[in-house]
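S.K.: Starting off with a structure, shown below.
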Amino acid sequence: MSTEFFRTSRRAFLKGAAALAAGTAVGSQASGASAASKPFVPYSNKSLDYYFFVAQEEAVKRAVEAQGWEFQAVNANFDNTRQLQQWQNLLLKNPAAIISDPIDSQAIASAIKRFNKKKIPVGIIDTPASDGGVAITVDFDNYQGGAMAAEQIIKLLTARHGSPKGSVLNAYGALQSVAWRLRKEGFEATMQKYPDIKLYSRPTEGMIDKMQSVTLATLAEVPDLDAVHAPSDTPSRGIVTALQQKGRWKKVGEDGHAIFVNIDGEPIAHQWIKDGYMDASVAQDPIAYAEITVEMLSKYAMKQQPVPTGPYENKKYYWERGVITDSLTGPSLIIPPFVINKDNVDDKRMWGNIAYNEWGLKYK
Amino acid sequence: MSDGASVKPSAAASRTAGPARSGRSSTLQWLLQNVVWFWLFGLVVIFGVFNPYFFTINNMQNIMVQATVLGLLALAISLPLLVAEIDLSIASNMGFSSVIGALTLNYGVPWWGGALVGILAGAVVGLFNGLCVTRLRMVSLIETLAMMIILQGALLAITEGNTIANMPDEYTWIGQATIGTWPIMPLVFVVCLAAEAIILRRTVLGRSIYAVGGNAAASTAAGIRVDRIKIIAFVLSGLLAGIAGYMLAAWQMAITSNQGEGFLLYSIAAPIIGGVSVFGGRGSVVGILGGVLLLTTIQAGLAVVSFPSFYVPMIGGLMIFVAVAIDAIRVRMSAGR
């Protein structure tokens with residue numbers, strides 16, 4: 001390439017830079033006008049790698065836009081530092097409020113405090129913060145979710161053997177995840193109350209391939225394994241493949257059926273339950289997280305009023321009732337976990353049914 | 001050493017400046033060596049078009065803070081690269097050393113002692129890597145990959161999946177303090193940047209680093225103790241990783257059980273984009289600074305423009321790809337001259 005190229009490029013570059021600078025001035029004015037007309041409420045997501053998080057982001061987007069606010073989502077992809085940096089970047093846009101699903105309860109506190117200094121309301125969903133001032137937290141008791149999944153399996157083992165005994169695989173997820181760690185702890189603490197249940201607690205990092213290999217290895221070691229549990233539905237497809245490969249993908253009531261109970265209540269779990277292969281899924285409600293957070297921000301926090309504590313009731317949601325309490329960071333609504341089984345799987349209020357059937361968020 | 005300069009085997013230990021420049025060739029050389037800054041300027045303008053806040057002082061401060069940890073890691077990883085090695089454990093070392101430092105605070109060690117212990121822990125890991133690569137002749141790519149996994153596992157084991165957040169205010173002061181509205185933390189990066197620049201440009205050690213990376217055999221023949229230079233490069237690299245770990249912990253006011261893992265690829269990309277050769281012997285801190293600012297600008301810019309979040313990582317990756325492609329053209333044209 002000759003130096004003529006660079007002379008031409010330099011001229012072209014300078015022309016382009018001038019054009020962009022002119023565009024910047026126009027763009028700045030346009031953006032400024034737009035920002036002035038609509039409150040800007042961004043959402044900081046922890047990941048888009050799982051259906052649950054995709055549905056949750058969609059729910060926040062719909063709820064924010066339904067208020068006539070400007071929406072933007074950023075995705076930290078499970079990188080805690082990146083999430084803190086994204087919060088810092090969003091602060092520069094002077095948002096009216098921010099909503100986030102934090103990756104880490106404690107690490108997010110420093111970011112929340114920066115928003116507190118500017119008196120920008122913070123709404124936290126799914127994973128509670130451990131410090132800082134949060135206008136409203138709407139989340140799920142992951143420990144209780146794990147305990148409830150264990151109770152479901154114990155009930156089914158009792159029905160199968162006449163007493164709570166048998167062998168159970170807990171294909172637990174990455175311990176770096178606060179939610180998965182708490183689910184593991186809740187599940188195991190409940191199981192340990194029953195000495196006749198042999199628990200195989202094995203790490204899978206929450207990845208499909210590891211769930212598959214761990215399940216295959218456990219089935220090789222314990223061919224008559226009674227039950228399998230995963231802390232999330234999406235990666236448990238690996239468990240399903242392993243059960244199919246070992247001839248254990250049987251319907252409830254069939255000989256060789258492996259009791260299968262998960263957490264999250266995704267549409268794929270609905271399908272497995274409807275088809276008769278899965279016994280139950282302990283559900284949380286990401287749509288309610290988003291809608292209630294936006295509701296509280298709109299009614300109270302963005303008017304500089306505290307969110308009132310006390311009973312919360314809304315028949316729009318399957319769980320219908322909860323209580324807003326005072327937590328370390330401010331008002332908090334912990335939505336009670338509930339069990340999805342063949343009796344209620346078609347209820348239209350289930351988040352999986354809304355996301356999949358009404359919104360058309362299909363599994364890719 | 002001039003920007004992007006290299007040391008050829010025949011002049012390994014003696015050259016301190018790039019080739020003589022004259023006329024059109026020097027203009028071309030200058031353009032080639034500074035392309036990262038043009039790319040950076042273009043991105044700033046583009047992001048500014050999409051979002052007026054991008055041109056504010058606040059955003060400049062924000063980018064400087066965010067560039068600090070990545071910059072320190074980029075400086076760290078550039079040293080093994082300059083001696084024709086690589087250290088994949090840098091980002092994990094950052095997380096590991098910071099937790100070591102924080103834990104010592106539980107034993108009555110003052111905050112500065114904890115910070116020092118953490119930084120030294122990073123240097124010790126670097127020393128171990130250097131010894132493995134030079135004395136045991138382990139391939140640095142594999143040895144540091146193993147070390148990365150060990151350190152990640154150690155961090156998880158030490159924290160048991162929990163986040164360490166009970167650090168005293170003095171310990172996290174440097175990550176929060178400002179002079180007026182200007183954060184102090186970036187000064188640490190600037191000091192380290194200047195220190196590395198002085199070492200590389202003004203000292204025998206710096207010349208030896210370039211020489212070893214340019215041609216180890218020729219360096220040996222010239223009397224340079226190659227293994228010692230490589231060990232020093234790894235130790236300094238670990239030291240910088242330790243400083244980066246302390247800075248990140250101070251800024252976040254927390255140490256998570258996977259602290260720093262997300263930095264690895266970016267910390268390798270930054271110096272390479274800035275002109276540090278993966279084959280050793282070529283690169284400068286000015287180029288590293290350009291690479292760091294470019295990557296930080298891409299990340300900060302994409303966060304404040306309203307792209308659909310599904311596409312942001314892809315767009316970020318494409319921008320990095322373009323930056324690397326431009327750099328490759330630069331290298332090719334430089335070589336062809």
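S.K.: Got the relative contact order for chain B handy, in percent, Cα pairs under 8 Å and 6 or more residues apart?
M.R.: Relative contact order here is 34 percent.
S.K.: For chain A, build the charge dipole from Cβ charges (+1 Lys, Arg; -1 Asp, Glu) around the Cα centre, then report which of A:Leu361, A:Gly238, A:Asn344 sits farthest towards its positive end.
M.R.: A:Leu361
S.K.: Taking every alpha carbon pair in segment B:26-87, what does the distance histogram look like in 5 angstrom bins from 0, in percent?
M.R.: 4, 15, 12, 18, 19, 17, 11, 4, 1
S.K.: With viscosity set to 1.002 mPa s at 20 °C, what whole-number translational diffusion coefficient in µm²/s follows for chain A from Stokes-Einstein and a Kirkwood radius over Cα pairs?
M.R.: After rounding, the answer is 96 µm²/s.
S.K.: Of the DSSP beta bridges with both residues in the protein assembly as shown, give the percent that are antiparallel, rounding to the nearest 5.
M.R.: Among the beta bridges of the protein assembly as shown, antiparallel pairing accounts for roughly 30 percent.
S.K.: May I ask for the distance between the Cα centers of segment B:228-305 and segment A:207-235, given as a whole number of Å?
M.R.: With segment B:228-305 and segment A:207-235 each reduced to a Cα centre, they are spaced 39 Å.
S.K.: Reachable aspartates and glutamates from B:Lys230, Cα under 20 Å, same-chain residues fewer than 8 places away excluded?
M.R.: Of all the aspartates and glutamates, those that pass the test against B:Lys230 - Cα under 20 Å, at least 8 places apart if same chain - are B:Glu85, B:Asp87, B:Glu143, B:Glu196.
S.K.: If you don't mind, another one. Rounded, prolate or oblate: pick one for segment B:47-197, where a ≥ b ≥ c are the square roots of the eigenvalues of its C-alpha gyration tensor, a/c under 1.5 means rounded, and failing that, prolate if a/b is larger than b/c, else oblate.
M.R.: The shape class here is oblate.
S.K.: Determine the dipole magnitude for chain B: charges of +1 sit on the beta-carbon of Lys and Arg, -1 on that of Asp and Glu, nothing else is charged, the reference point is the Cα centre, and the result goes in debye to the nearest 20.
M.R.: Around 1460 debye, computed over chain B.
S.K.: A follow-up question, please. To make sure I understand the rule: partners must be lysines, Cα under 22 Å from the Cα of A:Lys184, and not fewer than 8 residues away in the same chain. Which ones qualify?
M.R.: Result set, ordered by chain and number: A:Lys46, A:Lys155, A:Lys165, A:Lys193, A:Lys198, A:Lys210.
S.K.: Further question: For segment A:267-351, what class follows from the C-alpha gyration tensor (a ≥ b ≥ c being the square roots of its eigenvalues): rounded when a/c is under 1.5, otherwise prolate if a/b is larger than b/c, else oblate?
M.R.: Prolate shape, in that a/c is at least 1.5 and a/b is the bigger ratio.
S.K.: Follow-up. Per residue of B:43-56, how many C-beta atoms from partner chains lie within 10 Å of its own C-beta, taken as a mean?
M.R.: Mean number of neighbouring Cβ atoms from other chains: 5.
S.K.: Could you give the C-alpha radius of gyration of segment A:148-229 expressed as a fraction of 2.2 N^0.38 Å, taking N as the number of residues it contains?
M.R.: 1.06
S.K.: How large are Rg and Dmax for segment B:79-148 when only the alpha carbon atoms are used, in Å?
M.R.: Final numbers for Rg and Dmax: 13.6, 41 Å.
S.K.: A further question on this structure: For segment A:61-173, just the Cα set please: Rg and Dmax, both in angstrom.
M.R.: Cα radius of gyration and Dmax of segment A:61-173 are 19.5, 62 Å respectively.
S.K.: Something else about it: Lys/Arg Cβ at +1, Asp/Glu Cβ at -1, dipole of the protein assembly as shown taken about the Cα centre: which of B:Gly95, A:Ala109, B:Ala233 is farthest positive-ward?
M.R.: It is B:Ala233.
S.K.: Right, next: For a paramagnetic label modelled at 7 Å from the Cα of A:Ser201 toward its Cβ, which residues of segment A:251-271 fall within the zone defined by backbone nitrogen distances under 18 Å?
M.R.: Of the residues in segment A:251-271, A:261-263 have backbone N under 18 Å from the label point off A:Ser201.
S.K.: Further, regarding this structure: So for chain A, averaging the separation of alpha carbon pairs under 8 Å that are six or more residues apart and normalising by length, what relative contact order in percent results?
M.R.: 16
S.K.: Something else: What does the average come to when, for each residue of peptide A:105-114, you count the partner chain Cβ atoms lying within 10 Å of its Cβ?
M.R.: Per-residue shielding by partner chains comes out at 5.
S.K.: Using only the Cα atoms of segment B:267-337, what do you get for the radius of gyration and for Dmax, in Å?
M.R.: So, for segment B:267-337, Rg and Dmax equal 13.6, 43 Å respectively.
S.K.: Run the helix sum for the protein assembly as shown: -39,500 (n - 2.57) per DSSP H stretch of 4+ residues, divided by residue count, reported at 222 nm to the nearest 500 deg cm²/dmol.
M.R.: -18500 deg cm²/dmol
S.K.: Here is a follow-up. Considering only B:Leu187, B:Gly214, A:Asn142, whose Cα is most displaced toward the positive end of the charge dipole of the protein assembly as shown, charges sitting on Cβ of Lys, Arg (+1) and Asp, Glu (-1)?
M.R.: B:Gly214
S.K.: What percent of all Cα-Cα pairs in segment A:38-89 falls into each 10 Å bin, going from 0 up to the bin containing the maximum distance?
M.R.: Computed distribution, short to long bins: 26, 49, 24, 1.
S.K.: For a quick check: sort B:Glu196, A:Glu57 by the number of other beta carbons within 10 angstrom, fewest at the front.
M.R.: Going from sparsest to densest Cβ surroundings: B:Glu196, A:Glu57.
S.K.: Report the Rg/Rh value for chain B, based on alpha-carbon coordinates and the Kirkwood definition of Rh.
M.R.: We get a ratio of 0.98 for chain B.
S.K.: Give me D for the protein assembly as shown in µm² s⁻¹, whole number, from Stokes-Einstein with Rh from the Kirkwood sum over alpha-carbon pairs, 10 °C and 1.306 mPa s.
M.R.: Approximately 58 µm²/s, per Stokes-Einstein.
S.K.: Turning to a different aspect of this structure: Could you check what % of the DSSP bridge pairs in chain A are antiparallel, to the nearest 5?
M.R.: 25
S.K.: State whether segment A:199-268 is rounded, prolate or oblate according to the following rule on the C-alpha gyration tensor (a ≥ b ≥ c being the square roots of its eigenvalues): a/c under 1.5 gives rounded; otherwise a/b larger than b/c gives prolate, and the remaining case gives oblate.
M.R.: Because a/c hits 1.5 or more and a/b fails to exceed b/c, segment A:199-268 counts as oblate.
S.K.: Could I ask something else about it? Taking a quarter of the surface of the Cα convex hull of segment B:134-236, what do you get in nm²?
M.R.: In nm², the orientation-averaged hull projection of segment B:134-236 is 10.1.
Quick note: the coordinates plus some simple rules give every number you see, no bench work behind them. Here the structure is a predicted model, which means the values were calculated and not measured. Every residue, glycine as well, gets a Cβ built from its backbone with ideal geometry; the counts of neighbours run over all protein chains shown.
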